[in-house]
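The values are calculated or read from the model by the stated rules, or taken from the named source; none is laboratory data. The model shown is predicted, which means the values in this text are computed figures rather than measured ones. Here Cβ is always computed from backbone atoms with ideal geometry, including for glycine, and neighbour counts include all displayed protein chains. Protein only, heavy atoms only, side chains kept; ligands, DNA and RNA dropped before computing areas. Shrake-Rupley method; radii C 1.70, N 1.55, O 1.52, S 1.80 Å.
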Amino acid sequence: MEGGVDPRNWADLLPDALGLIFSNLSLQETLTIVPRVCKSWNHAVLGPYCWQNINILDWSYRSNPDHIDHMLRLLVTRSGGALREITVSGILNDLTFAFLADRARSLQILQIPRCNISDSIVEQVSVKFSAVTFMDLSYCCKIGARGLSAIGKSCKSLVGFRRNMHPIDLKERRPQAEEAVAIAATMPKLKHLEMAYNCIDTESVVEIIESCNELEFLDVRGCWDVKLDQDWLEKRALTVKVLGPHVVDQFEGHSCSDYSDTDSFYDYESLDDGLWDDDDDDDDDGEDRVGGRLELRFYQEFGESNGNNGWV
């Protein structure tokens, strides 16, 4: 070292180390800026090193469903089968979910709220998610008791499950007692369960508490038909923290309002292929955009390219 100059070269870092560093950047920066810095950085972005944990939730809230599908397929393919976590909203259809399942052998965390997948595809591919320990299927209205039962039977290591619903749909939603029964019957190892604003009754919740002996936290906020006896809870469920059903908020009494903690979105200007467009120009997408922002995200703990870097 001469003159206090550090001779180390960032381009010489191992790809997995670069992947850890790039994980702190935004999706846009990782895909459009980093690859142009040098060959080794481009190689890291094209490989699995940056895509073992894919979180494009905020971006997907503001994106066209077709763009979400394209982006998800691009990043999952780059993960090279090493995918450990996926967080995305609005999966378009069963085909995309099946594509994800075929590459999910190492997946441990699956968070896909507001997706449009059906019970049928869940029953077909749930066995491929056997390593998943935490799953979020909030606001997935096409999935019912059949799908949840298939997941419980296939995902034996599942300890966390999120199934929150929209307060705005509470009056029109079908009873979900069968879903609660499916959870109680097939997910005995659950420690963390969220079922806010579900149409379930007291009997269903009692069955969950009695069947899931390791349960530590249960969220039933907004489940207005649930009437839990406090004395019974103190005697029978000593280790379970039950949140709800009654809460003092703007949804009390089946009213509806914007209840989102996700008001900060990426503010990208443009990209040639339109994947970063934030302008909701399509009138037919407007209703879906509003619905996406009402989601209740209560708990979050738990070779060289041709210049386009994989874009079409």
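What is the extension gain from HIS43 to LEU233, computed as 0.36 nm multiplied by their sequence separation minus the C-alpha to C-alpha distance, in nm to one decimal?
On the way: separation 190, 0.36 × 190 = 68.40 nm, distance 5.55 nm.
Length gained between HIS43 and LEU233: 62.9 nm.
Taking Cβ atoms as reference points and 11 Å as the exclusive limit, the residues near SER126 contribute a net charge of +1, counting Lys and Arg as +1 and Asp and Glu as -1. In this structure, the amide hydrogen of ASP219, modeled 1.01 Å from its nitrogen in the peptide plane, lies closer than 5 angstrom to those of LEU193, GLU194, MET195, LEU243, counting only residues at least 5 positions away or on a different chain.
Ranked by solvent-accessible area (1.4 Å probe, protein heavy atoms only, all chains present), the residues ASP201, ASP225, ASP219 order from largest to smallest as ASP225, ASP201, ASP219.
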